[in-house]
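Input: a single structure, listed below in structure tokens.
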Amino acid sequence: MSAVTVNDAATDARIPLRGHLRHTGALIRRNLLWIRKDPESMADALLMPVIFTLLFVFVFGGSIGQALGGGQDRYVQYVIPGMIAMMSMTLSQGVGTGFSQDFNSGVMDRFRSLPIGRGSVLFAKISVELLRMLFATAVLMIVAVAVGFEITNWPGLLATVALSTAFASSIMWVFLTLGVILKNAQSVQAMGFLVLFPLQFGSSIFAPTTSMPGWLQAFTDYNPLSTLADAARGLMVGGPVAHDLWVTLGWSAVITAVMAPVAIHKFRTKN
């Protein structure tokens, strides 16, 4: 075990829980102030839900809506809950690219030279990215209502946001790990694209899976984005919920249990 790892572990062991919380709060404030100084960093959270919603509703809404037994209005009710699921994963990538940029700029070396909990740095990053995700979800719902989505179940909407937040927090540990082990933000983005693209389009987010080939349906059955999207639909517009809800929570717990220790270990040992 390297001296850096030993020192980091000893530092974490000496800091009480109240100290970890105080450090996390200070780092969250630092990250929010950075966003305030660089408002362009919020462009993806602002524009992505607008562009994707308008694109899928007005380009694919008619044809897929007919396949659902209705029209564009039917597709709006179908796709918006899925879009919330998509936002939870797409914006999670930002935590990895931001983390990589902080490493390359020397900010992380400064943090690791201070007597602060190493986990506090990671939890602060995740907390701010979750706030960005919630902002994007709010923008998405405003656009959704504008294109005809009917919010008939407010508790279901809030439960969907909570479920998406839980899943997003687990996925962020994956991207934090990529941000530590890959050399630059461009590599994190490239790897993230390779992960996100098949998971998003090989799911029930944008269209039902019944017309997909058998082998692809087998993939979508185990795709956590499909269970998250289906649970969101059940909560927001009605339908079965329990199975998809518990599967999504199970995925979130397993991913967090596996990747959080890996991310913290890689952060402590990175030179």
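Looking at residue 150 and the list (1) closer than 17 Å to residue 235 by Cβ; (2) open to solvent by less than 40 Å² (accessible area, probe 1.4 Å), which single condition is not satisfied? Residue 150 satisfies all of (1) closer than 17 Å to residue 235 by Cβ; (2) open to solvent by less than 40 Å² (accessible area, probe 1.4 Å) except (2). Among the residues of the range 49-66, those that are open to solvent by 40 Å² or more (accessible area, probe 1.4 Å) and either under 19 Å from the mean Cα position of the chain (by Cα) or of a type in the set (Ser, Thr, Tyr) (or both) comprise 50, 51, 52, 63. Flag not set for residue 176, criterion: open to solvent by 10 Å² or more (accessible area, probe 1.4 Å) and either aliphatic (A, V, I, L, M) or more than 29 Å from residue 240 (Cα to Cα) (or both).
Does residue 188 satisfy the condition of being in contact with a helix residue (DSSP H, G or I) (Cβ under 6 Å, 6 or more places away or on another chain) and crowded, with 20+ Cβ neighbours inside 10 Å?
Against the criterion (in contact with a helix residue (DSSP H, G or I) (Cβ under 6 Å, 6 or more places away or on another chain) and crowded, with 20+ Cβ neighbours inside 10 Å), residue 188 qualifies.
Being surrounded by 13 or more Cβ atoms within 10 Å (Cβ to Cβ) and of a type in the set (Ser, Thr, Tyr) is the requirement here; does residue 204 meet it? Yes, satisfied. Take the residues in the range 221-271 that are among the charged types (D, E, K, R) and buried (at least 18 other Cβ atoms within 10 Å of the Cβ), then tell me which one is nearest to residue 202 (Cα to Cα). The residue in question is 230. Of the helices (runs of 4 or more DSSP H) lying entirely inside the range 155-271, none contains at least 1 residues that are touching a strand residue (DSSP E or B) at 6+ places or on another chain (Cβ under 9 Å).
The values are calculated or read from the model by the stated rules, or taken from the named source; none is laboratory data. Because the structure is predicted, anything quoted here is derived from the model rather than measured. All Cβ positions, glycine included, derive from the backbone under ideal geometry; neighbour counts span all protein chains shown. Calculation scope for accessible area: heavy atoms of the full protein, side chains included, ligands and nucleic acids excluded. Shrake-Rupley method; radii C 1.70, N 1.55, O 1.52, S 1.80 Å.
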